[in-house]
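For reference, the structure discussed in these notes is given below.
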Amino acid sequence: MIKITTCGSCVDTGKPTQRGGCAAHLWAKDSVGRISTRKLTHAAGNSTQPQANLKSALLGLMSVNAAMRAHDTELCVIPYVEQQLQQEDGKFKTTPKKNVELVDKLRSVVALFPRLRISVADKDTLRLIFEDARQCAELQNETDTGTIRP
């Protein structure tokens with residue numbers, strides 16, 4: 001089982017100095033119950049809040065090794081991202097009006113996870129991850145605590 005929780009942040013919204021940051025926290029549980037974790041942040045440059053949130057989901061999903069994508073995976077995101085990924089009868093429920101390229105890219109990455117479940121993250125967890133994203137947006141730095149193991 002792999003769980004990915006993501007959040008983005010934007011500082012100086014609407015100003016020439018606007019910049020975004022992305023954060024993703026991952027954990028994986030192997031067949032004997034061992035848990036490994038990974039925390040990532042990524043500078044998103046001149047990004048809006050919705051763009052930073054979409055990029056955060058991409059960051060989390062893309063950080064999963066291809067060999068592990070067949071595992072049960074849960075992606076926990078903010079409601080906006082979850083809405084962009086809702087499907088019914090194998091088709092996406094919404095057509096994005098903004099951030100079309102990012103949404104399309106995220107949807108194509110989601111397709112690589114045959115056992116993916118998408119949900120809205122709980123507020124307490126989001127608050128913690130948001131702080132990582134906010135700091136990353138302010139500093140425009142990147143961090144990675146390592147890899148998760150199957």
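None of the figures in this text is laboratory data; all of them are computed from the coordinates on show. Keep in mind the model is a prediction, meaning the values are calculated, not measured. Using ideal geometry, Cβ is built from the backbone for each residue, glycine included, and neighbour counts are taken over all protein chains shown.
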With an 8 Å cut-off on Cα pairs and a minimum separation of 6 or more residues, tell me the relative contact order of the chain in percent. 37
Fewest Cβ neighbours within 10 Å first, please rank 4, 129, 35, 78 accordingly. 35, 78, 129, 4
May I ask you to sort 88, 74 by Cβ crowding, counting other Cβ atoms within 10 Å and putting the fewest first? 88, 74
At 0.36 nm per residue, and after removing the present C-alpha to C-alpha distance, how many nm does the segment from residue 143 to residue 117 gain when stretched out fully? 6.8 nm
Helix-derived [θ] at 222 nm for the chain: sum -39500 (n - 2.57) over DSSP H runs of at least 4, divide by residue count, nearest 500? -10000 deg cm²/dmol
Return, ordered by residue number, the residues of region 1-21 whose backbone nitrogen is under 18 Å from a label point located 7 Å along Cα→Cβ of residue 74. 1-7
Share, in percent, of DSSP beta bridges within the chain that are antiparallel, nearest 5: 75
Under the Kirkwood approximation applied to all pairs of distinct alpha-carbon atoms, what is the hydrodynamic radius of the chain in Å? 15.4
Treat the count of other C-beta atoms within 10 Å as a stand-in for reagent exposure and order 42, 71 from fewest to most. 71, 42
Counting pairs of alpha carbon atoms under 8 Å apart in space and at least six apart in sequence, what relative contact order in percent does region 81-146 give? 22
Considering only Cα-Cα distances, which of the following residue pairs are longer than 23 Å: 29/105; 39/93; 15/98? 29/105; 39/93
What FRET efficiency comes out for the pair residue 17/residue 108, r = Cβ-Cβ distance, R0 = 30 Å, nearest 0.05? 0.45
